[in-house]
Structures are given as structure tokens and as C-alpha cells.
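The values are calculated or read from the model by the stated rules, or taken from the named source; none is laboratory data. Just so you know, these numbers come straight off a predicted model, no measurement behind them. Cβ atoms come from the backbone with ideal geometry, glycine included; neighbour counts cover every protein chain shown.
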Amino acid sequence: MALRIRRSLLDIQADHDAGNATELDNLMRAWHGIKQLPPMDPNSFFMIGGYHGEPFRGAGWGSASYWGGYCNHGNVLFPTWHRAYLLRIEDALRSIEGCADVTLPFWDETSPDSLEKGIPWALTRKDYALDGVIIPNPLRSFMFMGYLRSAYGLGDHCAQRRRSHRAFRRGQHLHVVEATVPSKMDKRCCGIAGRKWDGPLA
């Protein structure tokens, strides 16, 4: 397997601004591509995003004392699990035509440039010009492609979505839960398929 070089997003942005847009274009193309895939496609952002959190099955379902989601938080497996998770996202990005060499960039929020200018524009601009077409910036927001189902009751289901919405607006992480076939409850209760979340992605 060839070595994957993961560069700073600020450096990729600087290349773009200097006239060499290829790397940032391909990154945007890849993210746009996996977000357009059907929800049940194994390479879709909707599907892979669902790994990070629920389904809370087995001992973890309904028990506040046990973490039953796929991802590991608060234990020694945190770095290992998330390295594999990011590799899975990167492999999905590389599945998009023309993006076989795409890698996930990093952003050092403590760098002098970041402290002076804040969040990179590649993460905040509403639109991006790709191949002569203006598209919604795929690094800025995500349109849910399907319904979300909670393991809890109807009231908690709605409250959980409202809390997620408020947290997202504050710039906090939003965990996408397991994709399911829409149910009557989903349609009655705050169904958010087709709604757009603006802001940084987890």
C-alpha cells in the first residue's frame, strides 16, 4: 500500500489561493460525492456517519451506565478506534471517480495562522466552485438523506433531535445515528430528512 500523506488544510488552501486548486478541488469532489450517495450505500457519508455513536444495542441499550455505541469514548480504545474510523472515511472518499489519491487533511487550530484568522475558509464558505459549477460547500454542511430513529420514546425522540440541533448550532459535535427505513413515528415526530444543517461537521 502506498504511503498516504495527510497535509494541513491551511497549506492546501494556500495552494488553491496561489492558483493550484487540484488538491482542494479533489477533496471537495470526494466529499460531495459520498454525500450524494444513497443512504444505504456503504460508502455514503450518511452510513459511515452512523458508525460514530448509536445503534446502542445489547447491554448498552437503555442503560446510562454502559456505552453501547460503535465508537469508543472515555477509554483506552479511543485513539485506535477513531484512527480506523477516519481511515474508513478516507477509503470512501477515494471510491469517488477521480479521487483515488485523496487524503483527509488536518487542521491545527492552535497554529499562529488559525489563532489570527480563525476557522479555515474551506470549512465555512457557503459555496465552492468545482469544475465551473457552483456547489454547496460539502465541508460546511450536510443534508440528511434519510430518516433517523431513536431507541427511546416519542417525547425523548423529539427532545433528542432538538438538543442535537441546538448543540450543532453552537458548533458542537452532532453524531449521526443508525440509518433506518422511515417509520410512522419518524414521519410524525420531527423527521429531519431533507433538512440542512449549517456549520462545522463532526
If you go through the stretch 42-57 one residue at a time, do you hit one that is hydroxyl-bearing (Ser, Thr, Tyr), modelled with pLDDT of 90 or more and loosely packed, with under 13 Cβ neighbours inside 10 Å?
-> no
Test residue 25 against the criterion of being within 18 Å of residue 136 (Cα to Cα) and acidic (Asp, Glu), and give yes or no.
-> yes
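Where residues in the stretch 12-35 are acidic (Asp, Glu) and free of Cβ contacts under 8 Å to residues at least 12 places away in the same chain, which of them is surrounded by the most Cβ atoms within 10 Å (Cβ to Cβ)? Please lay out each step first, then the result.
Of all residues in the stretch 12-35, those acidic (Asp, Glu) come to 15, 17, 23, 25.
Filter again for free of Cβ contacts under 8 Å to residues at least 12 places away in the same chain, leaving 15, 17.
Values: 15: 15, 17: 11.
Restricting to residues being acidic (Asp, Glu) and free of Cβ contacts under 8 Å to residues at least 12 places away in the same chain, the top hit is 15.
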Please state which of the following conditions residue 64 fails to meet, knowing it meets all the rest: (1) over 18 Å from residue 42 (Cβ atoms); (2) modelled with pLDDT of 90 or more; (3) not charged (D, E, K, R).
-> (2)
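Results for (1) in a loop (DSSP other than H, G, I, E, B); (2) within 17 Å of residue 12 (Cα to Cα); (3) basic (Lys, Arg); (4) modelled with pLDDT of 95 or more, shown as yes or no for each residue.
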| residue | (1), (2), (3), (4) |
| --- | --- |
| 104 | yes, yes, no, yes |
| 129 | no, yes, no, yes |
| 134 | no, no, no, yes |
| 139 | yes, yes, no, yes |
| 161 | no, no, yes, no |
Top-ranked residue of the stretch 111-127 - restricted to ones that are of a type in the set (Gly, Ala, Ser) and assigned to a helix (DSSP H, G or I), ranked as surrounded by the fewest Cβ atoms within 10 Å (Cβ to Cβ) | 114
Qualifying residue in the stretch 74-97 (condition: modelled with pLDDT of 95 or more, surrounded by 13 or more Cβ atoms within 10 Å (Cβ to Cβ) and small (Gly, Ala, Ser)) | yes
